[in-house]
Ligand SMILES: Cc1cc2nc3c(=O)[nH]c(=O)nc-3n(C[C@H](O)[C@H](O)[C@H](O)COP(=O)(O)OP(=O)(O)OC[C@H]3O[C@@H](n4cnc5c(N)ncnc54)[C@H](O)[C@@H]3O)c2cc1C
């Protein structure tokens, strides 16, 4: 074993959460050693474009695709170990072990190990032409198969499946999606808006099969040729993309004795069951804004929770407590979701849900608790302030579309 006796903070996992945690440590005045270790070969990069812009134009990787530009890590004295996996975290000796026999010492650890794709386990699922999408390499491999006229089968119509369907249609592919739930993106949007999204995909020419699963794949010469569905159908395909969710990379934490439960358990300061270890991003199971605990698989959460972890190490006592927010781009639609849009609430629609531009507010006791905007980013900006500042507005005013949400925000501030 070679020991690199650095001390300081080790960040395990180098994507949004890891990259932002390293940056925020320096921004918040931490001047000790920082080591950023990630098993992907690239420095931290943006995953959201992997199912959108990168599938449409894979040859153009803009510099902004990477979370930090130029010589950021060197300039900020952040030691990077990209393409290297942490095999073991030992909290007694305060060391991490990399593959290849290197150990690095540390005082504190931020776990930003994220998630990996859940694999389908049905007959034929190891055939060539069946793809998953999580990394830059996955996106490059998939984009090579998305040419006009190709028949693409999508298993699962969560965010990734829905986005890939939209990109594949834009590229001129024939697309069939198979989803066991009643609507696409059911967990994120609820049934009503999920139904609206199913219609959008149908209007765009996708063959959307709901309440239907996969029983297996047919193949020829080792490559997928068809999907077998639970209703007995056999659907010919050239390529399949499976998007059936993710699994948290919490094994390092579990093996070193930290509390885990579908992710690494943290409190609202991002601290794990050990005071020297913090966790942020997709892997963290944390207290949620509207009660309960859970993992939040969004870009904004990864970024902001990482900032909180860094602040807690640099200054101490920075609680993290934000409503969930995410966006998705499909066809000409920018859809944003904030807060709780699936629990029982009064639902107010501003605009027409048979079009592609409207806002849906979920209200409980005059409090806006959830917002969905479709091509209404300005509404989202105002609604975010109303929701986060817990401004009370009567449902009559919220329904009255003669006032836009920005005006309502102003009026309600003046009156109360
Ligand atoms: C295709 C795609 C599109 C998306 N689009 C959107 C979107 O439009 N909007 C949105 O809000 N969110 C989107 N997301 C989700 C968002 O990208 C994730 O929430 C975010 O990437 C989570 O960041 P993270 O750093 O917590 O984890 P990850 O991105 O999972 O990064 C964790 C990193 O740690 C590495 N790692 C794990 N274990 C080890 C180890 N033992 N040693 C070293 N390294 C390790 C992993 O390989 C990985 O590189 C999208 C995700 C994907 C895949």
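The values are calculated or read from the model by the stated rules, or taken from the named source; none is laboratory data. Everything quoted here is computed from the prediction, not taken from an experiment. Here the Cβ positions follow ideal geometry from the backbone for every residue, glycine too, while neighbour counts run over all protein chains shown.
Is it the case that segment 391-413 has a residue that's within 23 Å of residue 201 (Cβ to Cβ) and surrounded by 14 or more Cβ atoms within 10 Å (Cβ to Cβ)? Walk me through how you get there before you give the answer.
Let us first name the residues in segment 391-413 that are within 23 Å of residue 201 (Cβ to Cβ), namely none.
Scanning segment 391-413 turns up no residue that is within 23 Å of residue 201 (Cβ to Cβ) and surrounded by 14 or more Cβ atoms within 10 Å (Cβ to Cβ).
Considering only residues that are farther than 18 Å from residue 201 by Cα and either in contact (Cβ under 8 Å) with a residue 60 or more places away in the chain or buried (at least 24 other Cβ atoms within 10 Å of the Cβ) (or both), which ones fall in segment 145-166? Don't jump to the end; show me each part of the working.
Restricting attention to segment 145-166, the residues satisfying the condition of being farther than 18 Å from residue 201 by Cα are 145, 147.
Residue satisfying the conditions is 145 alone.
Every residue in segment 58-76 that is surrounded by 12 or more Cβ atoms within 10 Å (Cβ to Cβ) and either more than 20 Å from the chain's Cα centre (by Cα) or over 30 Å from residue 33 (Cα atoms) (or both), please. Steps first, please.
Residues of segment 58-76 that are surrounded by 12 or more Cβ atoms within 10 Å (Cβ to Cβ), as a first pass: 58, 61, 65-68, 72-73, 76.
Of everything in segment 58-76, those that are surrounded by 12 or more Cβ atoms within 10 Å (Cβ to Cβ) and either more than 20 Å from the chain's Cα centre (by Cα) or over 30 Å from residue 33 (Cα atoms) (or both) turn out to be 58, 61, 72, 73, 76.
Condition check: under 22 Å from residue 343 (Cβ atoms) and either in contact (Cβ under 8 Å) with a residue 60 or more places away in the chain or over 31 Å from the mean Cα position of the chain (by Cα) (or both). Does residue 372 satisfy that? If you could, list the steps in order and put the result at the bottom.
Details: under 22 Å from residue 343 (Cβ atoms): yes; either in contact (Cβ under 8 Å) with a residue 60 or more places away in the chain or over 31 Å from the mean Cα position of the chain (by Cα) (or both): yes.
Considered against the rule, which asks whether it is under 22 Å from residue 343 (Cβ atoms) and either in contact (Cβ under 8 Å) with a residue 60 or more places away in the chain or over 31 Å from the mean Cα position of the chain (by Cα) (or both), residue 372 comes out as yes.
Could you list, in sequence order, all residues of segment 118-143 that are in a loop (DSSP other than H, G, I, E, B), over 21 Å from residue 206 (Cβ atoms) and away from the ligand (no atom under 14 Å from the Cβ)?
Correct list: 119, 121, 122, 124, 125, 126, 127.
Is there any pair with a first residue in segment 112-134 that is over 21 Å from residue 151 (Cα atoms) and not assigned by TED's automatic domain parsing to the domain that holds residue 36 and a second that is away from the ligand (no atom under 16 Å from the Cβ) and in a loop (DSSP other than H, G, I, E, B) whose Cβ atoms are under 6 Å apart and which are 6 or more apart or on different chains, and what are they?
Final answer for the pair search is none.
Here is a list of conditions, (1) within 6 Å of the ligand (Cβ to nearest atom); (2) closer than 16 Å to residue 278 by Cβ, and residue 48 meets all of them except one; can you say which number that is?
With respect to (1) within 6 Å of the ligand (Cβ to nearest atom); (2) closer than 16 Å to residue 278 by Cβ, residue 48 is out only on (2).
Here is a yes/no grid of residues against (1) more than 15 Å from the ligand (Cβ to nearest atom); (2) closer than 21 Å to residue 259 by Cβ:
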position: 278; (1), (2): no, yes
position: 291; (1), (2): yes, yes
position: 294; (1), (2): no, yes
position: 299; (1), (2): no, no
position: 303; (1), (2): no, no
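Test residue 270 against the stated conditions and say whether it is surrounded by 17 or more Cβ atoms within 10 Å (Cβ to Cβ), within 16 Å of the ligand (Cβ to nearest atom) and over 19 Å from the mean Cα position of the chain (by Cα). Explain how you work it out, then say what you get.
Working: surrounded by 17 or more Cβ atoms within 10 Å (Cβ to Cβ): yes; within 16 Å of the ligand (Cβ to nearest atom): yes; over 19 Å from the mean Cα position of the chain (by Cα): no.
When the stated conditions are applied, residue 270 does not pass them.
What about residue 146, is it within 16 Å of the ligand (Cβ to nearest atom), outside the structural domain of residue 356 (by TED's automatic domain parsing), farther than 22 Å from residue 327 by Cα and in contact with a strand residue (DSSP E or B) (Cβ under 8 Å, 6 or more places away or on another chain)?
Details: within 16 Å of the ligand (Cβ to nearest atom): yes; outside the structural domain of residue 356 (by TED's automatic domain parsing): yes; farther than 22 Å from residue 327 by Cα: yes; in contact with a strand residue (DSSP E or B) (Cβ under 8 Å, 6 or more places away or on another chain): yes.
In short, yes.
Would you check if residue 33 is in contact with a helix residue (DSSP H, G or I) (Cβ under 9 Å, 6 or more places away or on another chain) and surrounded by 14 or more Cβ atoms within 10 Å (Cβ to Cβ)?
Values: in contact with a helix residue (DSSP H, G or I) (Cβ under 9 Å, 6 or more places away or on another chain): no; surrounded by 14 or more Cβ atoms within 10 Å (Cβ to Cβ): yes.
When the stated conditions are applied, residue 33 does not pass them.
If you take just the strands (runs of 3 or more DSSP E) that sit entirely in segment 156-261, which of them hold at least 3 residues that are touching a strand residue (DSSP E or B) at 6+ places or on another chain (Cβ under 6 Å), more than 25 Å from residue 342 (Cβ to Cβ) and more than 16 Å from the ligand (Cβ to nearest atom)? Explain how you work it out, then say what you get.
On the way: elements: 174-179, 207-210, 214-220, 223-229, 234-236, 239-242, 246-248.
The strands (runs of 3 or more DSSP E) meeting that bar are 174-179, 214-220, 223-229, 234-236.
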